[in-house]
Structure formats: structure tokens, C-alpha cells
């Protein structure tokens, strides 16, 4: 009985270990030739097509909420001229990579987990291995790279749409001055914030794709297993994203001192 | 052509559940072997162990000097190029049509031109009788067609070893007879080592050179076809003649009461051993042995009526119309 509970307690650690090992396998397979360029383009196109519209739609209220919240708050201190700066900082540093990652994980990652899971239970992955082809190199690597690339691009999209949304709400609804909003951009924000956002998006894309691929390739027990794999991949990715976001933000704050207006 | 597969002391368990223990046998080069066993005795697990998809707990599988159970990932992918495998459901890639499925190994492993690939693929599609269906997706065709397409894909790299998981499940008797004839003809043509996992007694009695029986977590018997078909061993006899009397029960094993109740029942006599299927072009296969050779060598008297062309259970349809065979 005691060994049974011990096994149950230790199981998540084992899963975390094999997930990490899987990530290392993928890292090694990235450099193995031939690179599956066709699959990479197809996957990138697919992930982009399922994420672009929802991402843009999510980005508008994101920017707007920040503008409304911060706008109302700083107005009480009489610092309306800094609303633009605060919106840029919040959107580029935090909101854009997180919104991107949630959509890449929710739309792209779930599709990857479902696709690989279905292939797993139909023995397609076994058949591929038997035909002398490594599914990690053939299927997972292109998906991971595609996810990372699309995450970076979507991050740019969210940044722009979010800042524009903030501008519209600040200027039109809150009656802010257009010039002040734009002019204050560089008061608090700096170039490093943009790099930080891009780096986060890259890492989040990597995590979403690795977790989704791992869950898909280890699906078991028929169609229900595929459903479980998709479910778990989204939940685990979200959890990891928020933890990693916190860690990365803390590190960036340490190495890049924030600009004091 | 064709290579030996030496299996020694193979043991596998999933968690606490032992699948089989100490399985030792050699699949002779170029011969056709059939692996039998009641449902759930790990026949498919054995097949997957032979290609390194499942690692055994103990033992070795040696092919051309490489031990599949312990070799590196890189060697494993090299050795797998010798294999052609037909999975139970065909395992076709759902996103590709049948042509791309069959062409897949050629495109990945060879530098052949698209027109050469087309020729090879169409030849294999013709062999399994799927001409005209090459642009269908695997989801659009029946299970039997998927299986035949899987066979075409397994054959496309001219394998040295062909592993076939339940070729006859989900096929009608006529197609089963055709596919059995196809195996014999293929073996005559490419001299590959065949291992067929099946439940079908009729196929087992007429197709292979060797038969193995997995039962009760071990390999009960493995040897030439005539040895098993003339065996008095209760398990072998029960299974090969599809009888209810014997040690195999509905759930794995019978208990003592059931066995005691059967004690007085006389076993029905062994049915005659049928002729082995011959290649449809009439030219004997390289490793084919004359009917009754094993029985004569080992001083075993085959059941009366054996080795006659019209023996019971001989698949008459195929014999009567060899020109109809699909090649």
C-alpha cells in the first residue's frame, strides 16, 4: 500500500522528467538533416490561420482595459500624460506575450496534441518508426519551430493592435490628448522592453509546442486518451506559461533597469 | 535473400502483468512462419518487440548481428529498413491519399525520380488489387482495403523480413484466400522471411512452413507445420482444430472442475493435414518442402487422408482457379 502511494506521489515528477527529456530529444533532432521544410511551412500556415483572427480580437480589449484602468488611476495623480507610456509598457512587456501564448496554446497547441494523439492511437507513429523515420524529427521539430515563429509574429501583432486599442480608448472615450499619448511612449518604455516581449513569445511558443507534442505522442487508451491529452496539454501549458512569465519578468527586471521617466 | 531472426529468452511484462516469459525461437531465413495464440496472449506485443517498438525486459532479438533489444537508436532505425510491417488496421497516414502513403517510404529513403516512384507504387497497388483507388483517403475506404494498402506500403522497399499482424481480420473468406495466395507468391518472388500473426485456422493449416503457438504466457510449441498439425499435445491440438475440449477455456485457462468433467469425453481424431498452398505460377518456392517430408523424417504417421489434393479444409476456390490470383 505504501509503495502504491509513493508511486502515485512520484508520478508527476516522472512525467516532468520525461517531458524535459522529450524537450532535449527535440532539441537534438532540430539539427538533424534533412530538415522538413514543407511540413514546417504547412504547420506555420496552419497555426497562423487558426490564431491570427482570435489574437487580434483579444488584443483590442486588452489594450483598452489597460488604457481605461491606468487612465483612471493616473488621472487621480494628475499624470494623464503618462497613460501612453504605461499602456505601451504593459502591452509590450506582459500582455502581448501572454495573449499570444494563450492563443498559440489554446488554438495551435490543442490542434497539435489532437493531431499527434490521433496518429498515436491509430498506430501511425509506430508505422512511421517502423518505416525508419523518426517522428520527432519528421513531425515534432517542424511543429515546434512553426509555433515559435508564429508566436513571435503574433506578439508583434498583439503589441500593435493593443497599443492602437489603448490609443483609441484613451483619446476617444477618456478624452486624452493624442499628442501626449504618443509622445509619452518613450518616457517609460525602452527598446529592451520590445526585445523582452519577443523573447518571451519565443519561449512561450516553444513550451506550448513541446507540451502539446509530448502529450499527443504519449496519448493512450483509444479516442478518450486523445481527448485527455488535448485537455492536459492546454492546462499544463497555461500553468507553465504563467510560472515562466513570472520568472522571465523577474530576470529581465534584474538585468535591464527600468527607465525612470 | 531473407534473413534469420533469432529470438532468445524474451520476457516482457507490463507493470505486474506478465505477457510472456522466456520465448526462444528462430525464424528461418526465407520461410513463412505463423504465430498463433488465444486472444490476449501478447502476439501483437511480440511483433512490436521484434521491430523494437517495445523493449523487452529480458532476452535478445538478433537480426544480422544486431540485437534489437539493446542496440542504439541509430542502429535500430538502420535495421528497421530491412522490415516491412503490416499493422492490424493498416496504420495508413490519414492525411495522405493511398498513393502518397505507399510512396512515402520511397520518398523518404530513396532518391528515385517521381516517375520511377510512380511505377513502383502502381506495381505494388496492382499486386494488392487496389488500382483505381490510389487517390482515395484512408478514411474513405473499407478496412479490408486499408489492410491491402498497408501491405502495399510494407512491400514497397523490398523488405527482407515481413511482419504481418492479423492479415485476415475483417476480410471476407474469398479475399482471405487471395491474400494467403499473395503471401505464398510474394515469398516465392522475394524470398523474404515472413511472420504472420493470425487467428485463422484455415490459413494456419495451409500457408506456413512453420507454426508457433503462444499460450499461457509462454511459447507452447514452435516448429514445422507438419509437426504441429500431427501433434497430440493437448493445447496445440485444441487450438489448431478449433475445439472446445482441451485446456484452453473461455477466459484463458479452464479450472480443475471443468477439466475433470471433460476427462471422459473422447477427443475427436486429428483431421488430415492439408496440402500446403503452392505459388500460383507452379514453380516451387526456394524453401518449400515436399508434403509429408517432415513426417517421414521423424517417423510420424500423419492422420489418415493427409496430403491429398481434396483433403478437408483445403481452400478449393484458390486451387481451382489459380489464374485468378492477383498477379
Quiz prompt | Matching residues in the range A:103-130 - criterion: being buried (at least 23 other Cβ atoms within 10 Å of the Cβ) and more than 7 Å from chain B (Cβ to nearest Cβ) | solution = A:103, A:104, A:105, A:108, A:109, A:112, A:113, A:116, A:117, A:119, A:125
Quiz item: Among the residues of the range B:95-103, is there at least one that is surrounded by 18 or more Cβ atoms within 10 Å (Cβ to Cβ), more than 12 Å from every other protein chain (Cβ to nearest Cβ) and under 18 Å from the mean Cα position of the chain (by Cα)?
Solution: no
Exercise. With the condition kept exactly as written, say whether any residue in the range B:121-138 is within 13 Å of another protein chain (Cβ to nearest Cβ) and part of a strand (DSSP E or B).
Key: no
Quiz prompt | Single unsatisfied condition, residue B:145 versus (1) touching a residue at least 40 places away in the same chain (Cβ under 8 Å); (2) away from every other protein chain (no Cβ under 14 Å); (3) assigned to a helix (DSSP H, G or I); (4) closer than 19 Å to residue A:122 by Cβ | solution = (1)
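So which residues in the range B:104-120 are outside any helix (DSSP H, G or I) and either within 12 Å of chain A (Cβ to nearest Cβ) or exposed (fewer than 14 other Cβ atoms within 10 Å of the Cβ) (or both)? Outline the logic, then answer.
First, pick out the residues of the range B:104-120 that are outside any helix (DSSP H, G or I): B:110-113.
Listed by number, the residues that qualify are B:110, B:111, B:113.
Every residue, every condition in (1) in contact (Cβ under 8 Å) with a residue 12 or more places away in the chain; (2) within 14 Å of another protein chain (Cβ to nearest Cβ); (3) farther than 18 Å from residue B:158 by Cα, yes or no:
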| residue | (1), (2), (3) |
| --- | --- |
| B:3 | yes, no, no |
| B:10 | yes, no, yes |
| B:36 | yes, no, yes |
| B:51 | yes, yes, no |
| B:59 | yes, no, yes |
| B:68 | yes, yes, yes |
| B:80 | yes, yes, no |
| B:85 | yes, yes, no |
| B:91 | yes, yes, yes |
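Name the residue that is modelled with the highest pLDDT, counting only residues in the range B:252-265 that are assigned to a loop (DSSP other than H, G, I, E, B) and within 12 Å of residue B:216 (Cβ to Cβ). Give the steps one after another, and end with the answer.
Pass one, the range B:252-265, residues assigned to a loop (DSSP other than H, G, I, E, B): B:252, B:254-255, B:263-265.
Restricting the remaining residues to those that are within 12 Å of residue B:216 (Cβ to Cβ) gives B:252, B:254.
On the way: B:252: 61, B:254: 68.
Looking at residues that are assigned to a loop (DSSP other than H, G, I, E, B) and within 12 Å of residue B:216 (Cβ to Cβ), I get B:254.
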Self-check item: Subset of the range B:55-90 [modelled with pLDDT of 85 or more, at positive phi and in contact with a helix residue (DSSP H, G or I) (Cβ under 8 Å, 6 or more places away or on another chain)]
Solution: B:64
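Is it the case that residue B:74 is more than 9 Å from every other protein chain (Cβ to nearest Cβ), surrounded by fewer than 16 Cβ atoms within 10 Å (Cβ to Cβ) and under 17 Å from residue A:130 (Cβ atoms)? Please lay out each step first, then the result.
On the way: more than 9 Å from every other protein chain (Cβ to nearest Cβ): yes; surrounded by fewer than 16 Cβ atoms within 10 Å (Cβ to Cβ): yes; under 17 Å from residue A:130 (Cβ atoms): yes.
So residue B:74 passes the test.
The values are calculated or read from the model by the stated rules, or taken from the named source; none is laboratory data. Here the structure is a predicted model, which means the values were calculated and not measured. Heads up, the Cβs are rebuilt from the backbone with ideal geometry, glycines too, and the neighbour counts pull from every protein chain shown.
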